[in-house]
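Student: Here it is, the structure in full.
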Amino acid sequence: MKKMLIVSLLLALFLFSCDKEKSINPEIEALNIEVDIIRFDSIFANSKERDLEKLKINYPFMFQNSIPDSLWVWKLNDSLQNVVEKEVLSKFASFDNHEADILLFFKHLKYYFPQENLPKVVTLAEYVDYNSKALLNKDLLFISLDNYLGKEHEFYLGFRDYISRLQEPNQILPDIAEAYANKLIMYPTSRNFLSQLIYHGKKLYLKEKLLPLVESEHLIGYSKDQLEWARREEIMIWQFFIQRELLYSSDADLRRRFLEKGPFTKFYLAIDNETPPRLGQFIGWQIVKAYAEKHPNKSLEDIIKLDYQDIFDNSKYKPKNE
C-alpha cells in the first residue's frame, strides 16, 4: 500500500510538471488500476544459493521445469552476471519514477483497450540482448534493464551507433508500447510497400496515443535533429516513393532500405549519409495521423484494425514542409 501511494504521488507530480500542451485526458488520469511491478533483478542479485527454493516458491513464473536448479546456481555465482547486476542496481537504485510512468502507460492501455488484462511487470538484469528489451506474454511483461544503462555505457562499446543510442532509459516506455503494438496490430497479409508503411504507421500512432507525454523523437527512436530532418524533408521523401512507383511494389528490398534498423535510410542518393533511418516508418505514421485527423469519431481500436488501403485512400495524405 505504501509503495502504491509513493507511485501515485510521483505520478501526480509528474503530470503537474508536464507541458500543458501534453496533457492527460482526465478520464484516463482518474482510472483506478494497480500494476504489480517486481524488481526481480534486485531480488536475484541479493540472493544466495540457499535462497533458491524460496525464490522458486515466491516467483514461480521465473522458473521452468525444463531448466535445472544447477543452471540457476551457476547464474547466481557467475561473475559476468554479477557485474551486470551491479551496473543495473547502480543505474536503477530507485525505480519509482519509472513505475509512475509505467502506471500511466497502463492507464492509457486500459482506457483504449479495456479488454486487455494487466500483466505482472518483471525487471531483469540479463546479458544485454538489444533484440529482447521488453518482452510480453499472456500474463507477464519482462523488462531487461541491462539494455537501458545509457548509450555511453561500456557494455555497448561494440554496438553500432544506431543501436547503442537506443540503450537509454527514455526508451523503456516506447519499448513497452512496441511490445503491445506487436500484440494488438495484425501484420499485413499483402506484400506491397504501402501495406508495410501503414503497418508501421499504425504502430507509431498507437505508441503516440498510449504515451502522450513522451517526446515524438523517442517514440520513433530518433534524435531531435533526425526528427526535424524527417519533417523538413517529408515532401521529398513522398515524392521519391511516388515518382519511382514504390507504393505497390512487392520488392522485399524496400523493407531493408526504408523500414528496418540501420544507420540511415537507403535512397541510393548522395544524401543518404545525412538521412535518419526508417523513413518509411515516419511516412506511414504521417498517413495514419492524417486519417485519424479526418475521422475523429474513429476509435484507436478501429483505426489499428482498418485495412491499409482504406486508411490510405481516406487519409487524403498530402505532405507539407514545416
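Read the figures in this text as sums done on the coordinates, not as results from a lab. Note that this is a predicted model, so its numbers are computed, not measured. Cβ sites come from the backbone with ideal geometry, for glycine too, and all protein chains shown count toward neighbours.
Student: Compare the Cα positions of Tyr187, Leu149, Gln171 along the charge dipole of the chain (+1 at Cβ of Lys, Arg; -1 at Cβ of Asp, Glu; about the Cα centre) and return the one farthest towards the positive end.
Tutor: About the Cα centre, the residue reaching furthest to the positive side is Tyr187.
Student: Set the Förster radius R0 to 35 Å, insert the Cβ-Cβ distance between Asn273 and Asn137 as r into 1/(1 + (r/R0)^6), and round the FRET efficiency to 0.05. Present the calculation step by step, with values, prior to reporting the outcome.
Tutor: Details: r = 40 Å, r/R0 = 1.13.
Once rounded, the FRET efficiency stands at 0.30.
Student: How many angstrom lie between the Cα centre of region 153-221 and the Cα centre of region 89-130?
Tutor: Value for the Cα centre distance between the two parts: 16 Å.
Student: Something else about it: Please list, by residue number, every one of the trypsin sites (Lys or Arg not before Pro) in region 274-316 that is coil in DSSP and has at most 12 other beta-carbon atoms within 10 Å. Provide the component values of the computation, followed by the final result.
Tutor: Details: sites: Arg278, Lys289, Lys294, Lys298, Lys305, Lys316; in loops: Arg278, Lys298, Lys316.
Passing both the DSSP loop test and the Cβ count: Lys316.
Student: Here's a follow-up. Report the normalised scattering of region 193-315 as log10 I(q)/I(0) at q = 0.14, 0.18, 0.23 Å⁻¹, calculated by the Debye formula with identical scatterers on the alpha carbons.
Tutor: Cα-only, vacuum Debye calculation for region 193-315: -0.58, -0.96, -1.48.
Student: Further question: Between Ser90 and Lys261, what is the spin-label point distance in nm, taking each point 7 Å from the Cα along the Cα→C-beta axis?
Tutor: Those two pseudo-labels are separated by 2.4 nm.
Student: Any chance you could run the full-extension gain for Asn25 through Glu215? It's 0.36 nm times the residue separation minus the Cα-Cα distance, nm to one decimal.
Tutor: Working: separation 190, 0.36 × 190 = 68.40 nm, distance 1.72 nm.
Extra length from Asn25 to Glu215 when fully extended: 66.7 nm.
Student: Helix 279-294: angle to the longest alpha-carbon principal axis of the chain, degrees 0 to 90, nearest 10?
Tutor: For helix 279-294, the angle is close to 80 degrees.
Student: Let me ask something else. P(r) for region 2-184: what percent of alpha-carbon pairs falls in each 10 Å bin, starting at zero?
Tutor: Going out from 0 Å in 10 Å bins, region 2-184 shows 8, 33, 35, 19, 4, 0 percent.
Student: Could you calculate the contour length gain from Val83 to Asp129, that is, 0.36 nm times the residue separation minus the distance between their Cα atoms, to one decimal place in nm?
Tutor: Numbers: separation 46, 0.36 × 46 = 16.56 nm, distance 1.55 nm.
Difference between extended and current length: 15.0 nm.
Student: Lys75 versus Asp225, label points 7 Å from Cα toward the beta carbon: distance in nm?
Tutor: In this crude spin-label approximation the distance works out to 4.0 nm.
Student: For the pair Gln243 and Glu34, what calculated FRET efficiency results from E = 1/(1 + (r/R0)^6), where r is the Cβ-Cβ distance and R0 = 56 Å, to the nearest 0.05? The partial results should precede the final answer.
Tutor: Values: r = 53 Å, r/R0 = 0.95.
So the FRET efficiency works out to roughly 0.60.
Student: Match the structure shown to one of the listed values (1) 31, 58, 11, 0; (2) 29, 55, 16, 0; (3) 23, 45, 26, 5, 0 of P(r) over Cα pairs in 20 Å bins from 0, in percent, computed from it, and give that label.
Tutor: (2)
Student: Also, I was wondering about something else. Measure nothing fancy, just the Cα-based angle from helix 79-91's long axis to the longest principal axis of the chain, in degrees from 0 to 90, nearest 10.
Tutor: Taking Cα atoms only, the helix is inclined about 70 degrees.
Student: Further question on the same structure: Restrict the search to region 243-294; then list the chymotrypsin sites (Phe, Trp or Tyr not before Pro) that DSSP places in a loop and that have at most 14 other Cβ atoms within 10 Å of their Cβ. Working shown, then result.
Tutor: On the way: sites: Tyr248, Phe258, Phe264, Phe267, Tyr268, Phe282, Trp285, Tyr291; in loops: Tyr248, Phe264, Phe267, Tyr268.
Within region 243-294, the qualifying chymotrypsin sites (Phe, Trp or Tyr not before Pro) (loop, at most 14 other Cβ atoms within 10 Å) are Tyr248, Tyr268.
Student: Give me the number: length gained by fully extending Lys298 to Phe61, i.e. 0.36 nm times residue separation minus the C-alpha to C-alpha distance, one decimal in nm.
Tutor: Numbers: separation 237, 0.36 × 237 = 85.32 nm, distance 3.83 nm.
In short, 81.5 nm is gained.
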